[in-house]
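The next block holds one structure in the form of structure tokens; read it before the comments.
The values are calculated or read from the model by the stated rules, or taken from the named source; none is laboratory data. Owing to the predicted nature of the structure, the values given are computational and were not obtained by experimental measurement. Don't worry about glycine lacking a Cβ; one is built from the backbone with ideal geometry, like all the others, and counts go over all protein chains shown.
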Amino acid sequence: MPSAGLGMLALLAALVAGTGLPVWALLLGVASLGAALGIAMGVLDAGVLGAAYPRLVNLLEHDLLQAMPLYVFLGFLLQRLPVADALVRCFSRLLRGTGAGAALSALASGALLAPMNGSVAASSALLSRLVAPRLAGLPPARALALVAAAATIGVVVPPSLVLLLLGDAMMRAHTEAAHLAGATFDGQRIVNTQDVLHAALLPALAVLLLWALVAWRQGRQARTAVTDRAERPLSRREMLLGTGAIAGVLLLLAGVFTGRMLAVEGAATGGCALAVLAVVTRSLDARAWSEVLLDTLALVGALFALLVGATTFSLVFGLFGTGGWLAQVTAGVPGSSLLLLLAVAACAWILDAFELIFVIVPIVAPLLVVQLADAQQVAVLLLLVLQAGFLLPPLGYAILMTRSHARLPAVSTRALLRAVAPYVAAQLLVGAAVYLFPATVHTLDTAGAQAIEPTGTETDEDLVRRMREMGPSPSPEDGPAADPAGAQPAR
């Protein structure tokens with residue numbers, strides 16, 4: 001009954017747009033309603049839904065999800081410690097000879113801080129406070145666009161939390177895609193998180209280079225070098241703190257990117273280093289520590305609630321067979337992969353990165369993998385589309401966050417569109433290159449992932465059997481399991 005899954009999606013979209021309730025609560029509500037209707041109509045087996053519990057436990061035990069609270073903790077610490085300010089000042093000092101030091105230092109700071117910040121919102125808040133005041137020489141619209149762009153760098157630059165979570169989602173999507181109609185992978189490996197990190201590096205560097213050219217040209221036109229010279233000189237303590245921060249962040253990012261550190265190890269190392277620095281320098285008092293910990297717990301709780309809701313929704317959605325039906329429908333539509341990417345961009349205009357990865361990617365990614373037959377290419381295209389969606393005024397997530405945090409004069413949507421256009425054009429150029437030339441994401445490929453075994457199309461009976469195997473086994477005294485309600489599976 002694929003139409004039931006589509007109805008769940010439509011109802012969820014209407015509730016998200018019209019109620020303002022937390023997305024995790026709406027996901028659980030719609031999933032519960034869909035499951036109840038499916039059981040009442042005899043197309044779902046109530047026993048199969050018991051697989052949700054072990055599925056959630058397995059997800060929560062994953063090391064990437066253990067890293068998530070640590071990355072959030074890192075982001076809140078960075079907002080309150082002088083490390084980020086010293087880093088920005090060091091970059092301004094190093095780049096002032098270019099004539100656009102303030103603009104270029106904004107991008108350089110975003111490239112280092114955003115992957116460690118945990119979220120676009122945290123990066124936007126930090127860069128709005130540190131970088132926006134240094135862009136006084138730029139028109140307000142260009143300054144806002146530059147800060148928003150710098151805040152989204154963590155979406156594509158490895159190894160940010162968004163990239164790590166997307167890599168994990170792509171591994172599951174690649175496995176699921178092998179069971180859909182039209183899948184032809186010819187012994188291709190299942191991608192892992194490390195594959196996605198390697199695939200994203202060169203496109204991310206290309207985006208950064210093009211953005212740096214835009215920022216340099218705009219900075220020279222606005223003569224932001226005047227603000228560079230007006231800034232007070234760095235003290236020895238600030239220089240040591242800034243250079244130490246740059247070296248430390250680079251070492252952590254390199255360790256996770258090369259696989260010498262797990263994501264949770266890198267996040268734990270960074271969090272411990274910042275915590276020790278805060279204690280040694282007495283940068284935070286008891287009240288500030290309390291705020292950091294409470295903010296961390298609040299955001300982590302919201303993210304885990306979102307994960308639980310999205311996992312439950314995906315389980316019910318899959319049991320209706322909607323994913324297989326969508327794969328069959330899109331297989332015969334010319335340019336369906338581009339239409340799917342446009343749909344993701346539309347969602348990115350409204351939702352944040354975590355909502356997209358937990359809710360939208362599990363539905364769309366398997367279809368894209370079937371269409372393009374390259375999971376790494378799909379992962380990079382999704383990252384670029386998410387980043388572009390966050391930058392589109394007036395509802396783009398990074399634009400909204402930067403407008404709320406940066407103390408800049410009011411800017412019209414038309415002026416903001418003109419200011420953002422060069423950054424989005426650069427992303428579209430890189431995205432077109434990745435779409436037309438998939439080899440661009442395979443330069444750093446490594447071996448070691450699990451090979452996909454040949455498989456036919458997974459039927460609804462196969463899906464129900466797999467979900468039953470995931471659930472708890474019946475006790476011997478319970479007797480043989482009853483047949484699912486209704487002899488016929490959903491079609």
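Per-residue answers, yes or no, for (1) hydroxyl-bearing (Ser, Thr, Tyr); (2) touching a Gly at 6+ places or on another chain (Cβ under 6 Å); (3) within 17 Å of Val155 (Cβ to Cβ); (4) crowded, with 24+ Cβ neighbours inside 10 Å:
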site	(1), (2), (3), (4)
Leu319	no, no, no, yes
Gln328	no, no, no, no
Ala345	no, yes, yes, no
Trp349	no, yes, yes, no
Ala353	no, no, yes, yes
Ala365	no, no, yes, yes
Leu384	no, yes, yes, yes
Leu392	no, no, yes, no
Ser404	yes, no, no, no
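For Ala102, the conditions (1) closer than 22 Å to Leu392 by Cα; (2) touching a Gly at 6+ places or on another chain (Cβ under 8 Å); (3) assigned to a helix (DSSP H, G or I) all hold with the exception of (1).
Pairs linking a residue in segment 101-128 that is modelled with pLDDT of 85 or more to a residue that is charged (D, E, K, R) and crowded, with 24+ Cβ neighbours inside 10 Å, with Cβ atoms under 7 Å and 6 or more positions apart or on different chains, do not occur. Of everything listed in (1) farther than 30 Å from Gly47 by Cα; (2) modelled with pLDDT of 85 or more, the single unmet condition for Gly301 is (1). So, in segment 438-452, of the ones that are part of a loop (DSSP other than H, G, I, E, B), of a type in the set (A, V, I, L, M, F, W, C) and within 23 Å of the chain's Cα centre (by Cα), which residue ends up modelled with the lowest pLDDT? So the residue we want is Ala449.
When Gly323, Gly309 are screened for being small (Gly, Ala, Ser), within 21 Å of the chain's Cα centre (by Cα) and surrounded by 14 or more Cβ atoms within 10 Å (Cβ to Cβ), only Gly309 passes. The C-beta contact set for segment 263-279 (first residue farther than 16 Å from Gly118 by Cα and at pLDDT 85 or above, second residue in a helix (DSSP H, G or I) and among the small types (Gly, Ala, Ser), distance under 7 angstrom, 6+ apart or interchain) comprises Ala273/Gly248.
Report yes if Ser283 is more than 28 Å from Leu383 (Cβ to Cβ) and assigned to a loop (DSSP other than H, G, I, E, B), otherwise no. Walk me through how you get there before you give the answer.
Details: more than 28 Å from Leu383 (Cβ to Cβ): yes; assigned to a loop (DSSP other than H, G, I, E, B): yes.
Yes.
Residues that are hydrophobic (A, V, I, L, M, F, W, C), surrounded by 18 or more Cβ atoms within 10 Å (Cβ to Cβ) and under 21 Å from Ala4 (Cβ atoms) are absent from segment 282-299 altogether. Between Arg142, Arg172, the distinction of being in a helix (DSSP H, G or I), among the charged types (D, E, K, R) and closer than 22 Å to Gln221 by Cα belongs to Arg142 only. Close contacts from segment 42-63, counting a first residue that is within 30 Å of Leu262 (Cβ to Cβ) and in contact (Cβ under 8 Å) with a residue 12 or more places away in the chain and a second that is of a type in the set (Ser, Thr, Tyr) and surrounded by 13 or more Cβ atoms within 10 Å (Cβ to Cβ), with Cβ to Cβ under 6 Å and a gap of 6+ residues or different chains, come to Ala52/Thr312; Leu56/Thr311.
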